[in-house]
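Student: Input: one structure, supplied below.
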Amino acid sequence: MRRLFLVALLLCLASAAQPPAAPAQTTPRAASLMVRAGRLEAAARRDLRTAGRERRLARAAAKKAPRRSARRHRSRAARYRKRARSRRKHAASLRRRAAALSQVKAVAASAPPRRAPVPLGTALDWRVARTDPALADAFLRHFDQMTPENELKMYALQPLRGAYSFASADRMVDWARAHGKRVRGHALVYGSQLPAWLTARDWTRDELLEVMRDHIQAVMTHFRGRVTEWDVVNEGVVDWGDGLTPNIWSQVIGPDYVDYAFRFAHEADPGAKLFYNDWGIELPDHPRTVAVRKLVSGLKSRGVPIDGVGIQDHVTNRYNATGPQVAETLRRFAAMGLDVAITEMDVQTDSGGSRADQLEAQRHAFAGSAWACRMEPRCTSFTSWGISDRYSWIETPGMAPLMFDDALEPKPAFADVEDWIKKP
Ligand code: XIL
């Protein structure tokens, strides 16, 4: 009893000697990030301890090798060594994630109050939405905005030259709007998913410019007032290196096809917001991002009517940009006088570790971009490229890149994205 009293007394004295804690300058969000960073750190420490134990076991097994059945021990030692190595690697990756989380946490703690909520969008495939009412319901319940996944592309809208087929797109757009949702138009001029009549023959520059103008004119006029934001040019910069993607538009018309596309679009619907949209431009200094900045700054300097840049954000657990990196990318486009949007995000779960680890990494990637969008005053919407893993365009098995699983249950990423994007 007396011992207990002494311990209590010592504890009291020790705490009295501490300076009073400074009022925590943190938000609930930062606090929860801090808890998660702490958990990752603890997991990393556990992994490192196991790695140490396995290294010792490897040494012991190797020592025994000359005596008893040498081969058995040597191979056991090799196995232990391999496990120790992979543990260490795992621990290092957990540490990196914990560090990235703390970075987000630090920015979150000092962040100004959030601006108004941003529309949360998703791509939707109309055939799937019609055959799976649960998917349509999930869209109506959780999302504010729809991007028709393929229905507004040229092959779908103009399957024969001059013979436009608007029926399916109309139904889809009107259904979304009747439920109070916004619709993003995707995509007017794209090198893929073109109708056969276009790719099957040769064109002169003037003929192709006319085809482009007709298409843009017909489509934008048709949807005027219903679709007020369009990806005018999609995936225009070459995958690796400099210059433009080699496609029918750039090859027949030349690099100024981009200028023409935007000018035609402005002519067709002067009230619409016109976006350039591309993939692999999440990191602020990636060569593709630099190339897109160069392209759009050229457009602006020539007085071409462009309003914004869409960042597709197709990434994986292993290859993605942190929230602060995406924020910097958005900030630099915004500084050029442009709106920005995250237009097609999905995150393939290609990292090692348990399923829970993978989902945690996926949540982290989604949350980073959602946070960056909410913090950037010029970010106009955040869109994932589909709702459920079951219907994702990513066909590699097991990649589960979306925020809802096969059974349409929300995955960890969704709560974070919803929180960042929608909470007042
Ligand atoms: C994809 C669709 O999701 C698929 O259904 C279709 O088969 C191919 O196109 N970048 C884009 C989108 O801009 O248009 C692509 O959509 C995905 C990559």
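Student: Residues in region 231-246 that are at pLDDT 95 or above, surrounded by fewer than 23 Cβ atoms within 10 Å (Cβ to Cβ) and within 13 Å of the ligand (Cβ to nearest atom): how many?
Tutor: Counting residues in region 231-246 that are at pLDDT 95 or above, surrounded by fewer than 23 Cβ atoms within 10 Å (Cβ to Cβ) and within 13 Å of the ligand (Cβ to nearest atom) gives 2.
Student: Which helices (runs of 4 or more DSSP H) sit wholly inside region 108-174 and have at least 2 residues that are under 30 Å from L198 (Cβ atoms) and open to solvent by 10 Å² or more (accessible area, probe 1.4 Å)?
Tutor: The qualifying helices (runs of 4 or more DSSP H) are 126-131, 154-157.
Student: Could you list all residues from region 305-356 that are within 16 Å of D285 (Cα to Cα), of a type in the set (A, V, I, L, M) and more than 16 Å from the ligand (Cβ to nearest atom)?
Tutor: Within region 305-356, A321, V326, A327, L330, A334, A335, M336 qualify.
Student: Follow-up question, since we're still on this one. Of the numbered conditions (1) under 22 Å from G310 (Cβ atoms); (2) away from the ligand (no atom under 16 Å from the Cβ); (3) more than 24 Å from the chain's Cα centre (by Cα), V252 satisfies every one except a single condition; which is it?
Tutor: It is condition (1) that V252 fails.
Student: Let me ask something else about it. For the structure I just gave you, tell me whether Q325 is over 27 Å from P148 (Cβ atoms) and not small (G, A, S).
Tutor: Yes: the conditions hold for Q325.
Student: Another question, if that's okay. Check R390 against each of (1) within 16 Å of the ligand (Cβ to nearest atom); (2) surrounded by 19 or more Cβ atoms within 10 Å (Cβ to Cβ); (3) not hydrophobic (A, V, I, L, M, F, W, C) and name the one condition it does not meet.
Tutor: Condition not satisfied by R390: (2).
Student: From A218, A200, A265, grab the single residue that is over 24 Å from T147 (Cα atoms) and more than 16 Å from the ligand (Cβ to nearest atom).
Tutor: So the residue among A218, A200, A265 that is over 24 Å from T147 (Cα atoms) and more than 16 Å from the ligand (Cβ to nearest atom) is A200.
Student: Let me ask something else. Filter region 197-210 for residues that are in contact (Cβ under 8 Å) with a residue 24 or more places away in the chain and closer than 15 Å to P159 by Cα and give the result.
Tutor: Answer for region 197-210, where residues must be in contact (Cβ under 8 Å) with a residue 24 or more places away in the chain and closer than 15 Å to P159 by Cα: W197, L198, T199.
Student: Check region 252-265 and report whether any residue there is open to solvent by 60 Å² or more (accessible area, probe 1.4 Å), under 25 Å from T380 (Cα atoms) and either at pLDDT below 95 or out of contact with any Cys (no Cβ under 6 Å at 6 or more places or on another chain) (or both).
Tutor: For region 252-265, residues open to solvent by 60 Å² or more (accessible area, probe 1.4 Å), under 25 Å from T380 (Cα atoms) and either at pLDDT below 95 or out of contact with any Cys (no Cβ under 6 Å at 6 or more places or on another chain) (or both): present.
Student: Return the pair list, or none, for Cβ contacts closer than 6 Å from residues in region 167-196 that are on the phi > 0 side of the Ramachandran plot and within 16 Å of the ligand (Cβ to nearest atom) to residues that are open to solvent by 30 Å² or more (accessible area, probe 1.4 Å) and in a helix (DSSP H, G or I), at least 6 apart or on different chains.
Tutor: Q193/Y155
Student: Picking from P377, P410, which residue would you name as being modelled with pLDDT of 95 or more and in contact with a Phe, Trp or Tyr (Cβ under 8 Å, 6 or more places away or on another chain)?
Tutor: Only one candidate passes the filter, namely P410.
Student: Regarding L48, is this residue modelled with pLDDT under 75, over 30 Å from D144 (Cα atoms) and among the hydrophobic types (A, V, I, L, M, F, W, C)?
Tutor: The answer is no for L48.
The values are calculated or read from the model by the stated rules, or taken from the named source; none is laboratory data. On a predicted model such as this, the values are computed, not experimentally measured, just so you know. All Cβ positions, even for glycine, are placed from backbone atoms using ideal geometry, and neighbour counts span all protein chains on display. To get the accessible areas, we keep the full protein, side chains included, count just its heavy atoms, and leave off ligands, DNA and RNA. Shrake-Rupley method; radii C 1.70, N 1.55, O 1.52, S 1.80 Å.
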